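Have a look at the structure below, then the notes.
The values are calculated or read from the model by the stated rules, or taken from the named source; none is laboratory data. Being a predicted model, the structure only gives us computed values, none of them experimental. Cβ sites come from the backbone with ideal geometry, for glycine too, and all protein chains shown count toward neighbours. Just so you know, the surface numbers come from the protein's heavy atoms only, side chains and all, with ligands and any DNA or RNA stripped out. Shrake-Rupley method; radii C 1.70, N 1.55, O 1.52, S 1.80 Å.
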Amino acid sequence: MAINWQFYHWHLEPSAVCTLKCPRCPRNEHPDTPWLNKNMTLEFVKKFFTEDMLKNSVKRVTMCGDVGDPIYCKEYIDICRYIKLTNPNIHIFTITNGSYKKSEWWREFAEVLDERDTINFSIDGYDDASNNLYRINSDFDSIIQGIRTVRQYNKKVFLNWATIIFSFNQDHLTKINTLAKDLNMDSVQLTRSTKFGSKYGGYGGVNDPLEPRIEFISKSHRYERETINISERIQDNHEYLEHNQKKWVEIKQKYQDKPIIPLCEIGNRGIYVNAEGVLFPCSWTSFPYTSLTHKNKTINWNDSFFATHRNSMNLNLHSFDSIINNPLWNQCSQGFSDPDKTWVECGQKCSADVVDQNYAVGWETN
Ligand code: SF4
Ligand code: SF4
């Protein structure tokens, strides 16, 4: 049984480049990551985003790197323009720290997007000093200028201010909300993370100065998020949402009484291509961790499927069809039903109880 791939939600890492030095980012924890600083090109993207794929299957593309930020991809606007010109109904969801791009760049980007699209600005602080406590080397002024420019040239695109809760901002969430409102943004998203609590290997635990109070740390091995709407704009992404709902019912039924509800098959987690060109069912399985443990099983990154098979799954080396039909994927999908074969990554992120719990509280998709 190979993975039951879905193609309506994709997740790309357009660039593995970033100017920031967030301490928990894999680009800083794993400076030996082999695809660090690589970029996607439009020519490469066309290998899997054929006209047929874009017109007939894709509903949403999440643009977010494991080890880089999409806005530093040299051909990022060209890639987005190609997607939107081929199928304007596709929802492009860009996740960025927002620093250092000039107003002209933001204007050009804003003019490619429409009311279906989202730019998610990951800003943890409320001024330059506080934002630099975790988003080290970020530039608050250029972020704010970027947001203002986008809104000046595009009144419809959705703008989300995304904040991870830390000790330095936990008592300033109202201030963040007010700033976002003043910038005419649409929502504020608050994340209770797993990466800054005692759950994450190598972290300083409760003695770390960034550690928030316990109520701001995720209770599971997956982050918890809530979004507060602050504008009257209504986002038109019903095609994506309808697909998601349909798949949720179908896949939940298929995996009734199984240990895993695979979010890759539902499409909450997009089919993932990293900046090196490697294809994965989701970005959780590509993430360059050091080691992960779940229910007495531990996996080291160097022994993981990703580290072992990345050349076999590289779209620069093989066709899209041959990669998705590669029988090696059985090693992943067998674990959805058989607890003895479940990958640690899948057990942590997509255990039936974790998925159920998060859906019950209105859990979000990325
Ligand atoms: S902004 Fe994103 S890609 Fe850049 S260092 Fe921070 S977490 Fe990593
Ligand atoms: S962690 Fe495993 S089950 Fe979950 S989305 Fe990724 S591949 Fe699928």
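Before moving on, here are some points about what is shown:
- Identity of the residue in the stretch 262-285, open to solvent by 10 Å² or more (accessible area, probe 1.4 Å) and more than 16 Å from ligand 1 (Cβ to nearest atom), that ends up farthest from the chain's Cα centre (by Cα): C264
- Some residue of the stretch 76-93 being polar (S, T, N, Q) and at pLDDT below 95: no
- Helices (runs of 4 or more DSSP H) wholly inside the stretch 118-199 that include at least 1 residues being closer than 15 Å to P212 by Cβ and of a type outside the set (A, V, I, L, M): 128-131
To keep it simple, each residue is scored yes or no on (1) more than 16 Å from ligand 1 (Cβ to nearest atom); (2) in a loop (DSSP other than H, G, I, E, B).
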site	(1), (2)
R24	no, yes
P31	no, yes
L36	no, yes
I79	yes, no
N89	yes, yes
I92	yes, no
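- Test: residue in the stretch 287-298 that is away from ligand 1 (no atom under 16 Å from the Cβ), farther than 23 Å from M40 by Cα and without any contact (Cβ under 8 Å) to a residue 24 or more places away in the chain: yes
- Among the candidates T163, T194, the residue that is within 16 Å of ligand 2 (Cβ to nearest atom) and under 19 Å from the mean Cα position of the chain (by Cα) is uniquely T194.
- In the stretch 319-327, the condition of being surrounded by 13 or more Cβ atoms within 10 Å (Cβ to Cβ), within 24 Å of T290 (Cβ to Cβ) and within 14 Å of ligand 2 (Cβ to nearest atom) is met by no residue.
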